[in-house]
Amino acid sequence: MAKNKQSDKVSWSETWTRTMRGYRIWWKVNPQLIIAPALAALVEGLTPFVGIFLSARIINQIAGPRDPQVLTQLVAAALVSAALLTLLNAALTRWKNAAQASVWYQDKKIYADKLFSLDFRLMDDPHIHELRSAIWQNNNWSSWGLRRLLWNVDPIVKSLMTIAGAVALTVSLFTLSVPATGGALTVLNNPLFLLPVVAVMILVTVIAPLAANKASSYWTKCTEDVKMGNRYGMFFMWEMPSKPRALDVRMYRQDKVCKTMISRVNLFGRIEKFGRGAMGGFGALSGAISQVFTGIAYIFVCLKAWGGAFGVGSVTQYVASITALSGGVSDLIRYMGDYRANAAFLRTTFEFLDTPNEMYQGSLTVEKRSDKKYEIEFRDVSFQYPGSETYALRHVSLKFTIGQRLAVVGMNGSGKTTFIKLLCRLYDPSEGEILLNGINIRKYSYEEYMSIFSVVFQDFQLLSFGLGQNVAAQIRYDAKKAAGCLEAAGFGGRISEMPQGLETCLYKDFDEKGVDVSGGEAQKIALARALYKDAAFIILDEPTAALDPIAEFEVYSRMNEIVGGKTAVFISHRLSSCRFCQNIAVFHEGEVVQRGSHEELVADETGKYHELWHAQAQYYQA
């Protein structure tokens, strides 16, 4: 389990650093996500003060001179400004909403881009899985993390504009003096009287949000409490209804199992306890203190008006603005506290985003040979998966060259797929080395080295895009080449049945007219994708494991004809693919225990291949 980063106290310096870094990330993703809400909040925050100012002037005119021309001008200004500001607010709000509509997807893309850039080996690292899970749960629970920063732009800017507008309309409250005719109320002009009043107002304004922040801090303390409940809940909502699980869920009513597990987790037990105790107390204190401030403000303003410092219209201005000032300061302090709480969650976010790649990135160019003459050699290669104490491969040494058919066979768990992952440099060996034309593959440019392989993994995936795009693995593709590869893979007859040919969308995720393909058809499309890449090495890593042995033999036989002069590596725990291979490597418990042709190996009655062949012979006798 990863350390609970949220439980550690965060300094204001760290809060500032992490928050600014988060905003830089969002600015790089899409500046509108910050600009649009900031401008909308700026206008929204200042709008009320325009109305307050003009309303006060109108009331003062009505209560005093009653000059028709001045009144007309003030009313016209109030109406025009209200109309213009309403239109501006509507336009900015629409822009803000349009920009924020993509936040969920942009947030996911930030983490997806990091995952795509990580060394493949790190995908198996338990700590990386824990970080991803924590980020997902924190975000889902209450938008803690990067997304929280965007939601705070609006209230922070609005509170700053509220403070600015309120200060502008409140300054004269303290500068206008009560005239001598005010009698005893002239004491309100004395700085010795004003200072305590202002001090009490500031104190009350600050204490209220601090109490609110203290109350909110209890949510952070309960992060670990809700983690497992969140995992159960999101698994139930997102994974249980998914298509791969749908059949089992319905046949075995697994939804009941998940509901039972969720019911056993008390998501909000401690929160409820805190709510009845200190958390609720601080929340109530915050509300009570805010009311105290309002009372002090009303008393002070009314006393100065009574003494004759200003007219009745100004009373509405000062009461409204000074109350808004208090609210703005309280909101600012409260959201600063929210930033500090969020910075604890950003620790986890940045730990994940800062995960370094460890695989050495070479620089040598892979020779672009027209004859595609490449030689691969495993030289005493051993490998352990991250976090494992056992070896998946031990002292593997073998060599094969272009044009050969290499069959890698063995029981499940014998190390066949690990061998392919090392060959494609998804992992680096723990010991030994792999050579391409006599040079350690670590010295080659990683992308260039990967380009010489086409692989169909046993758990291959097709995307819900067009058929041609799936074959080419590109948005734009050579239609003639794609059709030819599908024909070669045995899918040619099916294309004519597709409503839009190569443009037909697979599955219905993005197109209600999309076509669902069977498992066998999907395998043929995956084979066509490997052919389209036209790489020097074609590797089939048990992509036909779901087929019966006879059908698998037919697929491999077809591929043997299709690959021509390329190197083909066939991985299978069944032996139907081996009879046409010049070179067979038998894996057992992570080691290569036999090498040779089919005839040589099956004749060795003491060997593992002979044992496997005769165990499966009933399927091949036809």
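Laboratory data are not the source of any read-out in this text; all were calculated from the coordinates shown. Because the structure is a prediction, the values reported are computed rather than measured. Note that each Cβ is placed from the backbone with ideal geometry, even for glycine, and that neighbours are counted across all protein chains shown.
A few remarks follow.
- Residues whose amide H lies under 5 Å from that of residue 393, counting only those 5 or more places away or on a different chain, are 383; hydrogens are built 1.01 Å from N in the peptide plane.
- Net charge over other residues, Cβ less than 11 angstrom from the Cβ of residue 468 (K, R count +1; D, E count -1): +2
- Residue exposure proxy: 608, 28, 508, ordered by other Cβ atoms within 10 angstrom of their Cβ from fewest to most, comes out as 28, 508, 608.
- Charge tally for residue 77 (other residues, Cβ to Cβ under 15 Å; Lys, Arg +1; Asp, Glu -1): 0.
- Pairs from 9/96; 480/508; 421/481 whose Cα-Cα separation, in the structure shown, is over 30 Å: 9/96
- Once the Cα-Cα distance is subtracted from the 0.36 nm per residue extended length, the residue 104 to residue 363 segment shows a gain of 89.5 nm.
- Phi to ³J(HN,Hα) by Karplus 6.51 cos²θ - 1.76 cosθ + 1.60 over the range 66-78, Hz, x for Gly, Pro: 6, 6, x, 5, 5, 4, 4, 5, 5, 5, 4, 4, 5
- Judged by the ratio a/c of the largest to the smallest principal axis of the C-alpha gyration tensor, the range 464-534 counts as prolate, that ratio being 1.5 or greater while a/b is larger than b/c.
- Between the range 115-143 and the range 24-62, the alpha-carbon center distance in angstrom: 38
- Environment charge at residue 388 (Cβ cut-off 12 Å; Lys +1, Arg +1, Asp -1, Glu -1): -2
- For the residue pairs 443/566; 114/373; 28/158, the alpha carbons lie more than 29 Å apart in 114/373.
- Ordered by the number of other Cβ atoms lying within 10 Å of each residue's own Cβ, fewest first, 457, 419, 116 fall into the sequence 116, 457, 419.
- Rounded Å value of the spacing that divides the Cα centres of the range 296-343 and the range 411-467: 67
- Among 302, 578, the order by Cβ neighbours within 10 angstrom, fewest to most, reads 302, 578.
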